[in-house]
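Contents: one structure, followed by commentary.
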Amino acid sequence: MNHNKGQLRRAVEGRKQRLIQHLIHKGMYGYEDHRHLTEFTLSELELEWKNAQFIDQENHIS
């Protein structure tokens, strides 16, 4: 059972790191915000990413 928890934890941390990289690359946050972003939960990061995509979509429409 501990093995599965470890796999899940690594998967979540990997997803969080990819979302952080996307948010920084998109310009929503700067590199100096990386440490702050690591404190976000996966759900919070996913919400930030959805907001960034929505803002980007709105900018393309206008």
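The values are calculated or read from the model by the stated rules, or taken from the named source; none is laboratory data. Remember, predicted model here, so these are calculated numbers, not experimental data. Here Cβ is always computed from backbone atoms with ideal geometry, including for glycine, and neighbour counts include all displayed protein chains. Each accessible area value is taken on the protein alone, full model and side chains, heavy atoms only, with ligands, DNA and RNA left out. Shrake-Rupley method; radii C 1.70, N 1.55, O 1.52, S 1.80 Å.
Can you work out which of the residues in the stretch 35-50 that are in a helix (DSSP H, G or I) and open to solvent by less than 70 Å² (accessible area, probe 1.4 Å) is nearest to residue 11 (Cα to Cα)? Step through it out loud before you land on a result.
Filtering the stretch 35-50 down to residues in a helix (DSSP H, G or I) leaves 35-38, 42-50.
Going one step further and asking which of them are open to solvent by less than 70 Å² (accessible area, probe 1.4 Å), we end up with 37-38, 42, 45-46, 48-49.
On the way: 37: 17, 38: 14, 42: 11, 45: 14, 46: 14, 48: 19, 49: 18 Å.
The qualifying residue nearest to residue 11 (Cα to Cα) is 42.
Among (1) at pLDDT 95 or above; (2) at positive phi, which single condition is residue 16 missing?
(2)
Which residues, taken from the stretch 16-34, are surrounded by 13 or more Cβ atoms within 10 Å (Cβ to Cβ), out of contact with any Leu (no Cβ under 6 Å at 6 or more places or on another chain) and within 20 Å of residue 54 (Cα to Cα)?
Passing the criteria: 22, 23, 24, 26, 28.
Kindly provide the set of residues from the stretch 28-43 that are of a type outside the set (Ser, Thr, Tyr) and in contact with a helix residue (DSSP H, G or I) (Cβ under 9 Å, 6 or more places away or on another chain), ordered by number.
Pass one, the stretch 28-43, residues of a type outside the set (Ser, Thr, Tyr): 28, 30, 32-37, 39-40, 42.
Scanning the stretch 28-43 gives 28, 30, 33, 34, 37, 40, 42.
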